[in-house]
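Read through the structure below, which is laid out as structure tokens, and then see the notes.
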Amino acid sequence: MTILGVPILSLITFFPLLGMLLILCLPAARIGAIKWTANIVTAIEFLLTLALLGGFQATASGMQFMEQRNWFLNIQYLMGIDGISLLLILLTSLLTFIATLSSWSAIKDRLKEYYAFLLLLEVGMVGVFVSLDLVLFYVFWEVMLVPMYFLIGIWGGERKLYAAIKFFLYTLFGSVLMLVDILVLYHHYGHTNLLTMISSGSRLAGTVQLWVFAAFFVGFAIKVPMFPFHTWLPDAHVEAPTAGSVLLAGVLLKMGTYGFVRFSLPLFPEASYAFMPVIMVLALIAIVYGALVSLMQKDMKKLIAYSSVSHMGFVVLGIFAMTPLALKGAILQMVNHGISTGALFLIVGIVYERRHTRLIAEYGGLSARMPVYAAVFLIMTLSSIGLPGLNGFIGEFMILMGTFPVSWLWTAIASTGIILGAAYMLWLYQRVMFGKLDNPANQSLADLNLRELCTFLPLIVMAVWIGLYPKPFLTILDKPVENIVRLVHPEYYNIPLQKPPTAVAPSHGAAAGHEVK
Amino acid sequence: MNGGDLLALGPLIALGLTAVVVMLAAAFCRNHRLAVALTLAGLTAAGVALVCAWPLTPRQVTPLLLIDRPALFYTGLMLAAALVVTLLSHGYLEQQPIGRREEYYVLVLTTTLGAGVLAASAHFASFFLGLELLSVSLFALVAYPRTNPLCIEAGIKYLVLAGTSSAFLLFGVGLVYAALGTLDFARLAAAAAGGAAPGLLILAGVSLTLVGIGFKLSLVPFHLWAPDVYQGAPAPVAALVATVSKGAVFALLLRYVGQLPVSQHAALFTMFTVLAIASMFIGNWLALLQQNVKRLLAYSSIAHMGYLLVALLAGGRWAPAAVAVYLTAYFVTTLGAFGVVAVLSPRGRDADAPEDILGLAWRRPWLAGVFTLMLLSLAGIPLTAGFVGKFFVLAAGVNSNLWLLAAALAVNSAIGLFYYLRLIVLLFRQPAPAPAATPPLPRLAAAALGALTLALLWLGVYPAPFLQLIRMLMPD
């Protein structure tokens, strides 16, 4: 599929770059033109990604819209998407558009550079999800760090430099490990084409595979972030401007889990199995610990940041349970988390822009002054805690359902995360929105204006849609998830469907697939 | 010696002739512009001669010089670097209170000539001649602004330490000669490969020569001169020291060590591994503690030489390609970084203090953008030349199962990033209340920086054509 002669995946990847160059050509004084250009470019980008749906075959098994060219050595410019990437690309372009729109009045200085970096960030994010060559993937993965670093470091809060450098160093350390890994794979296969690597059937030998898996795991786990690599996240979130937080939580964190799904599981099936118990324990710690720490937070952004650690723990749990149901749930939950947490950061951004504080104690009783805001906040809180009828429920339910046959204990521990999640989110809502409006500074707060409302509408629509009718989203995940599970857990499809629950010995941990060579 | 030999030596002859012409021109008519124009013309002529010499390779010209493709490639790289340094120097010298500017270019040309001889040498005699030609020209260049005590100090330090290291080198050569009765690299290699293990005398001799080489490359523990000389030398000269001098010695090392069975010889291999790891960690660690931009670049270059040793140690088919790619990327990046310092320098001193670049992005956005790109390339971020270099070096290391070195390199690129980011942070900080007046951007220097930036992006984004060229360097 091409548009104006340009292959569609290259087009959606590099279209924001055109927008960035355009903005760089505009004089810095023409603020209006710069803002409009950025918003129009991200809107067109979103429409372009929607156009992918037109040619996408939901039931096809392989990669679609493939583009392949030689780059250098045996490294290819190889792009293609399946259902998993498609969902994440749509999420990326939607959230970038919303983040751009939300910056309209929040960012007041150095607009030109700000929007340029934002668009460059979009190039990196989309690039990560369309690349099927490991080096190409790595290039986008790293390039994305640079604009994010500047977004935090220039337009962030008081400790922005500390946060920006910490963010960059953590991720770079992980990605340098990944680079060594990619070279080991290059040495083994003679190329870095992911699809050929998987289809060749050849895998790294025992110990090497474990080491390479572990190093990839650290690289991705830092990005997720998984306990104990999560300490950069609260700092980065608190200091980042609202749009930065939205994209960080909504898209960048997903890259870690996307990496697990796209690279770790198919390339290192045996090692994935071997590491499964360790990863599960880390995921459970993240779920419970993240939720407990959230309860204690005084700063709204920090609270939501730690809640991300908890929610992403669910995603990792679902991925490494390695059952189709859990894996599908995990991928859907990535999208859900992007929607609800992205929206929550926007919500914090709204009051921060008006009051310049994020401390929960400064607020209280806002629902009296800001009814529309209160409604939006409520919907997103409920979505985040997984109320049935909204998106969060579907994802978490599928993950727990899919994990149960693997281990009831893990499922039980993970469920406590949902309860704690309800506790910290509802408590936050109560403290901010209800009670007496006693702080004089809050007396004159304005409710959402039309532009602000527009940033939330698409997210609310998506939350309700996924909550009520998730079938279209799950249908396009069927084939890719089946392909992955067949690679990593082939026994799954040999188990008769109607097996009585007692036969799946729950306490044995990894169930049937444990004997994989 | 016949016509073919002369043609093969064309680039070196052109350089020597240009040096004489520039000197004579200065004797009759002192004119800064004329000297620059003649130098540029001479360097271009040498480049043309190089292209003409390409089809003749490989050709042994006298027992001293072997003109092969790597030799020509590295000479070409050095010529390009000298060209950039000349372009940068014009504006810089105009700005500085220096009486006579013309001889400076003679010294730049002789430095390049020495570097070319080093890259082509196949014999200890030419090795030593090339090295001394390079060193002596650099002593004078470092101390060229005679009124500046910092430069004089740096020049004397360089002179004394380089003299000492040359003595080590000569002693080592003497020992090798005593053991083998030859000064030919090829015969040394044959002797080393033929017998069981090389005798103690050869081992000691080779180790001592490596002291001399290690000094020039500023490998730890021979690195002590680097920060002082980088800081004291005028910025374009520092660029010359960092690129042409180190590049030439590395090209020589590649040929010298390429002949020795390093990977099979435990003692030599261990020695190189220790040098590489020490250079990476200590260079980066000292850079972390550094505020001064030029000193920081000096320490970072120590670490970069450590990275290059990884490629060298990897050996095999990858090593020559990895070294060539990495050195090219390093040349582009280092020249660019020093170039920015040079064009920012006000009269009488170099702009190497943190205050000089504070908030540069808001005063001189283009210059800050170039500097940022150069720093990102030094850190090895993708889509810059530095990434392709890092990729090749790591690939070479992984290919030869040098896990320890590959891991050290990986850890060090993260450490390195930290201080590069600190500089970038400075560039983008809010400007000080009264920003220091920076001199206007000289046109020649602007052209040089523009070309370097384009080269950096081109190598980073689409390295395939360049790699075609590199492929021709690999043994068939």
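Where a number appears in this text, it was derived from the coordinates with a stated rule and is not lab data. Since this is a predicted model, take the numbers as computed values, not measurements. Cβ sites come from the backbone with ideal geometry, for glycine too, and all protein chains shown count toward neighbours.
For the stretch A:409-475, what mean projected area does the convex hull of the alpha carbons give, in nm²? Before the final figure, lay out the partial values.
On the way: hull surface 30.5 nm².
Mean projected area for the stretch A:409-475: 7.6 nm², to one decimal.
Taking every residue in A:172-184, how many Cβ atoms of other protein chains lie within 10 Å of its Cβ, on average? Intermediate results must be reported in sequence, preceding the final value.
Values: counts 9, 6, 1, 5, 11, 4, 1, 12, 9, 2, 4, 10, 7.
Mean shielding count: 6.
Can you tell me the convex hull volume per residue for the stretch B:264-476, based on C-alpha atoms, in Å³ to the nearest whole number?
Numbers: hull volume 25.4 nm³, N = 213.
Dividing the Cα hull volume of the stretch B:264-476 by its residues yields 119 Å³.
Set the Förster distance to 51 Å, then compute FRET efficiency between A:ASP478 and A:ALA29 from the Cβ-Cβ distance, nearest 0.05.
Efficiency for this residue pair is about 0.45.
Scan the stretch A:267-317 for trypsin sites (Lys or Arg not before Pro) in coil per DSSP, keeping those whose Cβ has at most 16 other Cβ atoms within 10 Å, and list them by number. Intermediate values should be presented prior to the final figure.
Working: sites: A:LYS298, A:LYS301, A:LYS302; in loops: A:LYS298.
Those that pass, being in a loop and sparsely packed, are A:LYS298.
Starting from the Cα gyration tensor of chain A, multiply each eigenvalue by 5, take the square root, and state the resulting semi-axes largest first in whole Å.
On the way: eigenvalues 245, 161, 81 Å².
Three semi-axes, in Å: 35, 28, 20.
Measure out, as a whole number of angstrom, how far apart the alpha-carbon centroids of the stretch A:424-492 and the stretch A:223-251 sit.
Computed from Cα coordinates, the inter-centre distance equals 17 Å.
Quick one: which residues, 5+ away or cross-chain, put their amide H under 5 Å from the amide H of A:TYR77? H built at 1.01 Å from N.
A:ARG69, A:ASN70, A:TRP71
Measuring from label point to label point, each 7 Å out along Cα→Cβ, what is the B:ILE156 to A:CYS454 span in nm?
A separation of 7.1 nm, rounded to one decimal place.
Can you tell me how much longer the chain between B:THR270 and B:ALA167 gets when fully stretched, taken as 0.36 nm per residue apart minus their C-alpha distance, in nm with one decimal?
Values: separation 103, 0.36 × 103 = 37.08 nm, distance 2.40 nm.
Full-extension gain reported as 34.7 nm.
When only DSSP loop residues count, what trypsin sites (Lys or Arg not before Pro) in the stretch B:109-210 have their Cβ near at most 16 other Cβ atoms within 10 Å? Before the final figure, lay out each step's value.
Values: sites: B:ARG146, B:LYS157, B:ARG187; in loops: B:ARG146.
Here the trypsin sites (Lys or Arg not before Pro) that fit, given the DSSP loop and packing criteria, are B:ARG146.
Starting from the Cα gyration tensor of the protein assembly as shown, multiply each eigenvalue by 5, take the square root, and state the resulting semi-axes largest first in whole Å. Working shown, then result.
Numbers: eigenvalues 612, 227, 108 Å².
So the three semi-axes of the protein assembly as shown are 55, 34, 23 Å.
Taking N as the number of residues in chain B, what is its Cα Rg relative to 2.2 N^0.38 Å? Don't skip to the end; give the middle numbers.
Values: Rg = 21.1 Å, N = 476, 2.2 N^0.38 = 22.9 Å.
Against the empirical 2.2 N^0.38 Å value, I get 0.92 for chain B.
For the stretch A:41-115, which trypsin sites (Lys or Arg not before Pro) pass both filters: DSSP loop (anything but H, G, I, E, B) and at most 14 other C-beta atoms within 10 Å? Don't jump to the answer; show the numbers that get you there.
Details: sites: A:ARG69, A:LYS108, A:ARG110, A:LYS112; in loops: A:LYS108, A:ARG110.
Those that pass, being in a loop and sparsely packed, are A:LYS108.
Enter the Cα centre distance for the pair the stretch A:304-360 and the stretch B:384-419, rounded to the nearest angstrom.
34
Would you mind getting me the FRET efficiency between A:VAL278 and B:LEU457? Use the beta-carbon distance for r and R0 = 45 Å, nearest 0.05.
Working: r = 42 Å, r/R0 = 0.93.
Approximately 0.60, to the nearest 0.05.
Can you tell me, using C-alpha contacts under 8 Å and at least 6 residues apart, the relative contact order of chain B as a whole percent?
Details: 799 pairs, mean separation 70.7, N = 476.
Relative CO of chain B lands at 15 percent.
If you line up the long axis of helix B:185-194 against the longest principal axis of chain B, both from Cα atoms, how many degrees apart are they, to the nearest 10?
So the inclination is approximately 50 degrees.
At 0.36 nm per residue, minus the direct Cα-Cα distance, what do B:ASN401 and B:LEU56 gain on full extension? Give it in nm, one decimal, please. Could you put the intermediate results ahead of the total?
Values: separation 345, 0.36 × 345 = 124.20 nm, distance 3.64 nm.
Full-extension gain reported as 120.6 nm.
Can you give the alpha-carbon Rg of the stretch B:121-192 over 2.2 N^0.38 Å, where N counts its residues?
On the way: Rg = 15.9 Å, N = 72, 2.2 N^0.38 = 11.2 Å.
Output field value: 1.42.
Which of B:VAL249, B:VAL257, B:VAL393 comes first, and how do the rest follow, when ranked by fewest Cβ neighbours within 10 Å? Each step should come with its number before you reach the end.
Working: B:VAL249 26, B:VAL257 23, B:VAL393 30.
With the sparsest Cβ surroundings first, the list reads B:VAL257, B:VAL249, B:VAL393.
Under a plain spin-label model, where a point goes 7 Å from the Cα along Cα-to-Cβ, how far apart in nm are A:ILE44 and B:ALA27?
With each label point 7 Å from Cα toward Cβ, the separation is 6.6 nm.
Compare the Cα positions of B:GLY155, B:CYS29, B:LEU417 along the charge dipole of chain B (+1 at Cβ of Lys, Arg; -1 at Cβ of Asp, Glu; about the Cα centre) and return the one farthest towards the positive end.
B:LEU417
Could you work out how far apart the two model spin labels at A:LYS436 and B:ILE13 are, taking each label as a point 7 Å from the Cα in the direction of the beta carbon, and quote it in nm?
9.9
Checking a compactness column here: for the stretch A:35-119, what do you get for Rg(Cα) / (2.2 N^0.38 Å), N being the number of residues? The partial results should precede the final answer.
On the way: Rg = 16.3 Å, N = 85, 2.2 N^0.38 = 11.9 Å.
That works out to 1.37 for the stretch A:35-119.
Test of understanding: what is the full-extension gain from A:SER105 to A:ILE3, defined as 0.36 nm times their sequence separation minus their Cα-Cα distance?
Details: separation 102, 0.36 × 102 = 36.72 nm, distance 3.37 nm.
Full extension of this stretch gives 33.3 nm more.
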